[in-house]
Amino acid sequence: MSTREVTAGLAAAVVAAGPPPAPVLAPPWSHRLLSPDGPDPELVSRWMNEPHVELFWDQAWSPRRWAGAIAEQLQGDFSRPYIIEYEGEPLAYVEIYRTPRDVVGQVYDAGPYDLGIHLAIGDKARTGRGLGRAMVRAIANGLTEKDPRTRKVLADPDERHTVARRMFEGAGFQFLGVRDLGHKRAALHIYDLSVERGR
Amino acid sequence: MTASLSLERLRGDVAEVLAEEPGTFADDDNLIDRGLDSIRLMSLATRWREAGFEAGYLDLAQEPTVKAWYNLVTAQRTEAQR
């Protein structure tokens, strides 16, 4: 089980909300739910071992261990692992999770349908140039489109990770504040549908 | 130790990872807004560590400008000469 997952004392509404939905994405964006079988764990493992990813994820695991981590997510209601594709090619590993089932849900006013994003851009050739911003905005919009009850999408980059923070801010995630999550000091950035609607 | 890391060299290396010409960005421009991402930042940290500059990714990320980075280099050089 993820060390971030909270299982005790969940509100009935949080349990009833079930697992995170898949985002609705339009070209050039698409997504694929990962499978523990086949080539997916190999790809995720390779990306997670990249120095720029390892620094903040600290999950530079073997493909075998990643296969286990993917299977575990698919079995629970906490999070779902995706590959996000740009023009049909894998760009990033993304976990969509229910914030009220996560430690982060204890440090802000989390609604039962709120979602969080963790991501790692693995394709070295196509980063920068605003692609990350466009991707997280597409995912946030795609999640609220899929389930209108989702009002907020949260990002919680490391306080020191200025690159990620700038990316989320540029994508329309408002800075809420810094919170101590135990394993890291996180800068909370929230994409609030009630604010973003009409864009 | 960091003798090879002149201001010119920093500008040149940044220009190279951004695939820009030197001079298209100012020393106090926030480089994240100029296309610097975590992969490029990591490659600069690695490259400069090889030149003796003991700054990691997080040190560089704190204030991502050529000016701030050059201040770090000179501070380290002063420290080494003591």
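The values are calculated or read from the model by the stated rules, or taken from the named source; none is laboratory data. Here the structure is a predicted model, which means the values were calculated and not measured. Neighbour counts are summed over all protein chains in view; Cβ atoms, including those assigned to glycine, are modelled from backbone coordinates with ideal geometry. To get the accessible areas, we keep the full protein, side chains included, count just its heavy atoms, and leave off ligands, DNA and RNA. Shrake-Rupley method; radii C 1.70, N 1.55, O 1.52, S 1.80 Å.
Would you be able to say whether some residue in the range A:54-63 is open to solvent by less than 50 Å² (accessible area, probe 1.4 Å), in contact with a helix residue (DSSP H, G or I) (Cβ under 9 Å, 6 or more places away or on another chain) and more than 20 Å from A:ALA164 (Cα to Cα)? There is at least one residue in the range A:54-63 that is open to solvent by less than 50 Å² (accessible area, probe 1.4 Å), in contact with a helix residue (DSSP H, G or I) (Cβ under 9 Å, 6 or more places away or on another chain) and more than 20 Å from A:ALA164 (Cα to Cα). When A:GLY68, A:GLY38 are checked against the criterion of being surrounded by fewer than 20 Cβ atoms within 10 Å (Cβ to Cβ), of a type in the set (Gly, Ala, Ser) and over 22 Å from A:ARG101 (Cβ atoms), a single residue qualifies: A:GLY38.
Which helices (runs of 4 or more DSSP H) does the range A:115-196 wholly contain that include 2 or more residues that are under 17 Å from A:ARG80 (Cβ atoms)?
Values: elements: A:131-146, A:162-170, A:193-196.
Here the list reads A:131-146.
Taking the criterion of being farther than 17 Å from A:LEU188 by Cα, touching a strand residue (DSSP E or B) at 6+ places or on another chain (Cβ under 9 Å) and within 10 Å of another protein chain (Cβ to nearest Cβ), the residues of the range A:129-166 that qualify are A:LEU131, A:GLY132.
The set of residues in the range A:50-66 being away from chain B (no Cβ under 13 Å) and either under 15 Å from the mean Cα position of the chain (by Cα) or not acidic (Asp, Glu) (or both) consists of A:GLN59, A:ALA60, A:TRP61, A:SER62, A:PRO63, A:ARG64, A:ARG65, A:TRP66.
Apart from one condition, A:ARG80 fits all of (1) open to solvent by 30 Å² or more (accessible area, probe 1.4 Å); (2) farther than 19 Å from A:HIS183 by Cα; (3) within 14 Å of another protein chain (Cβ to nearest Cβ); the exception is (3).
Do we find a residue being open to solvent by less than 20 Å² (accessible area, probe 1.4 Å), touching a residue at least 60 places away in the same chain (Cβ under 8 Å) and of a type outside the set (S, T, N, Q) anywhere in the range A:125-133?
First, pick out the residues of the range A:125-133 that are open to solvent by less than 20 Å² (accessible area, probe 1.4 Å): A:127-128, A:132.
Cutting the leftovers down to touching a residue at least 60 places away in the same chain (Cβ under 8 Å) gives us none.
No, that holds for no residue.
Of A:GLY68, A:GLY9, A:GLY105, all but one fail to be assigned to a loop (DSSP other than H, G, I, E, B) and of a type outside the set (Val, Ile, Thr); the exception is A:GLY9.
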